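Values quoted throughout were computed directly from the atomic coordinates according to the rules given, and no laboratory measurement underlies them. All figures in this text were calculated on a predicted structure; none of them were measured in a lab. Cβ placement follows ideal geometry from the backbone for every residue including glycine, while neighbour counts extend to all protein chains displayed.
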Amino acid sequence: MKNIIIAPVGDNMGALFVGLREFPTERIILLSPESRLDEAEKVKDDLDKFKISTKIIEIKGNVWEDIFAKVAEIKKLEKDRNIIINTATGDRTTTCAATSAAFVNGLKAISVEGNEAMLLPVLKFSYYKILTDKKLNILNLLYKENCCASLEELSKRANMSLPLISYHINGTLKSEGLKELGLVETIEKKGKIDIKLTTMGRLLIKGYVN
């Protein structure tokens, strides 16, 4: 079965053609920031010579959020197809975002070293399977504007005791907290602990992460 290749348009577009040699390709979807649309069109013209159908999707606004949104949308539309993300074609930001999007969606991903393409491990898991209702409630509260300036405020809004809030945030040896899962981060300010969602936490609440 031929593959659908998703590739961010970035600093190393030659890696796209390296990947094509090892992974039979039916169609390519290029995720391009506005500043690289001309480059994406040139790549599309080159691919047309090989009779490979190519679609360009523009990435707008927050690069991380839009790449996650586009990958989630493509996965939903192409649910019965074999999708591979070529993570090697982008710049530093888009490569990281594409790799993370592949990881959380359980999609195959490749990297390229020199003239060799390598299939990265497929790590399938769902945040929703490991997050309890209380942890999800905390994330939803933190997603709202003006929440929360401290653990004490979060404790009141969540209607949980301060020790319980700390447990869900920091976890224990036997249970991962939201910090270890990479969904929240804490900063000490004037003797109080300020807590906010990470990019991954925001993406999860928006529904771009499975």
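Taking the Cα centre of the chain as origin and charging only Cβ (+1 Lys, Arg; -1 Asp, Glu), how large is the dipole, in debye to the nearest 20? Don't jump to the answer; show the numbers that get you there.
Numbers: 32 positive and 28 negative charges, 167 e Å.
The calculated dipole for the chain is roughly 800 debye.
How about Lys51: which lysines have a C-alpha closer than 20 Å to its C-alpha, ignoring those fewer than 8 places off in the same chain?
Answer for Lys51, where 20 Å is the Cα cut-off: Lys2, Lys42, listed by chain and number.
Compare Ile57, Ile74, Ile130 in a GNM of the chain, Cα atoms joined below 10 Å, and give the one with the largest fluctuation.
Ile130
Using the per-residue mean of other Cβ atoms lying within 10 Å as a proxy for protection, in what order, highest first, do the peptides 76-87, 170-181 fall?
Details: 76-87: 16.8, 170-181: 13.6.
So the order, starting with the most tightly packed, is 76-87, 170-181.
Can you give the angle from 0 to 90° between the axis of helix 92-105 and the longest principal axis of the chain, with both taken from C-alpha atoms, to the nearest 10?
80
Can you tell me which aspartates and glutamates have their Cα less than 14 Å from the Cα of Lys129? Leave out same-chain residues fewer than eight positions away.
Of all the aspartates and glutamates, those that pass the test against Lys129 - Cα under 14 Å, at least 8 places apart if same chain - are Glu176.
Under unit Cβ charges (Lys, Arg +1; Asp, Glu -1), what dipole magnitude, rounded to 20 debye, does the stretch 3-119 have relative to its Cα centre?
Numbers: 16 positive and 19 negative charges, 82 e Å.
Using Cβ point charges on Lys, Arg, Asp and Glu, the stretch 3-119 gives about 400 debye.
Tell me which lysines have Cα within less than 18 Å of Lys134's Cα, excluding those fewer than 8 residues away on the same chain?
Lys144, Lys156, Lys174, Lys179, Lys196, Lys206
Report, in whole Å, the centroid distance computed from the Cα atoms of the stretch 175-210 and the stretch 114-164.
6
How would the stretch 51-210 be classified by its alpha-carbon gyration tensor: rounded, prolate or oblate, with rounded meaning a/c under 1.5 and the a/b versus b/c comparison settling the rest? Present the calculation step by step, with values, prior to reporting the outcome.
Details: a/c = 2.32, a/b = 2.20, b/c = 1.06.
Note, shape of the stretch 51-210 comes out prolate.
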